[in-house]
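Notes for the one structure printed next.
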Amino acid sequence: MALPDLDKAVGHSFGLEIDGVQIKQISEVSGLKMEQDVIELKQNTVDGKYVIKKLPGRPKAGEVTLTRGLTEDNSFEKWVKDAHFGKMATARKGGAIIVYDYEGTALKRYKLTNAWPKSLEIGSLKAGDTSVLTEKLVISCEEITPG
């Protein structure tokens, strides 16, 4: 069995692809979580013992938070504007979070189904501060699947 190439496993950068448009300047991704409910089945066995069986339930919808440095690109703002004005037919989109290695090759993709922007937060503005201004986009989706 070959040893894994752990150098490739380092997430160097991240991107968001929504309806074929790629945004590669994402610096942080959080909330990539695939989860489902647990159903507890309580019953007695034939010999009278009480047991609890855990069964898989419905998948849970997810929320992913993307952080990037503030740029002139206003694609996040346009998308948020559609959702805030109730244009959900155009706001709901299919897309993916992409993890890139050092060479810019895609390592892994996480598909987002019916994703729409829940909120957009601009980092705190302080006069004289030397930190990078960021924007955080929280995306709500119906399903997150590896692919």
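The values are calculated or read from the model by the stated rules, or taken from the named source; none is laboratory data. Since this is a predicted model, take the numbers as computed values, not measurements. Cβ coordinates were reconstructed from backbone atoms using ideal geometry, including for glycine residues, and neighbour counts include every protein chain displayed. Calculation scope for accessible area: heavy atoms of the full protein, side chains included, ligands and nucleic acids excluded. Shrake-Rupley method; radii C 1.70, N 1.55, O 1.52, S 1.80 Å.
Points to keep in mind about this one:
- Looking across K78, K126, one residue alone is closer than 18 Å to E17 by Cβ, at pLDDT below 90 and among the basic types (K, R). It is K78.
- If you go through region 58-87 and pick out every residue that is open to solvent by less than 50 Å² (accessible area, probe 1.4 Å) and over 16 Å from V138 (Cβ atoms), you end up with 1.
- Single residue of region 14-57 satisfying the filter (hydroxyl-bearing (S, T, Y) and either without any contact (Cβ under 8 Å) to a residue 24 or more places away in the chain or at positive phi (or both)) that is least open to solvent (accessible area, probe 1.4 Å): T45
- Boolean, Q22 is modelled with pLDDT under 90 and not hydroxyl-bearing (S, T, Y): yes
- The sole residue among A96, A127, A89 that is of a type in the set (A, V, I, L, M, F, W, C) and under 16 Å from V29 (Cα atoms) is A96.
- Among the candidates E121, E135, E143, the residue that is modelled with pLDDT of 90 or more, surrounded by fewer than 17 Cβ atoms within 10 Å (Cβ to Cβ) and under 22 Å from E72 (Cβ atoms) is uniquely E121.
- Within region 93-106, being farther than 17 Å from V21 by Cβ and either at pLDDT 90 or above or surrounded by 14 or more Cβ atoms within 10 Å (Cβ to Cβ) (or both) holds for V99, D101.
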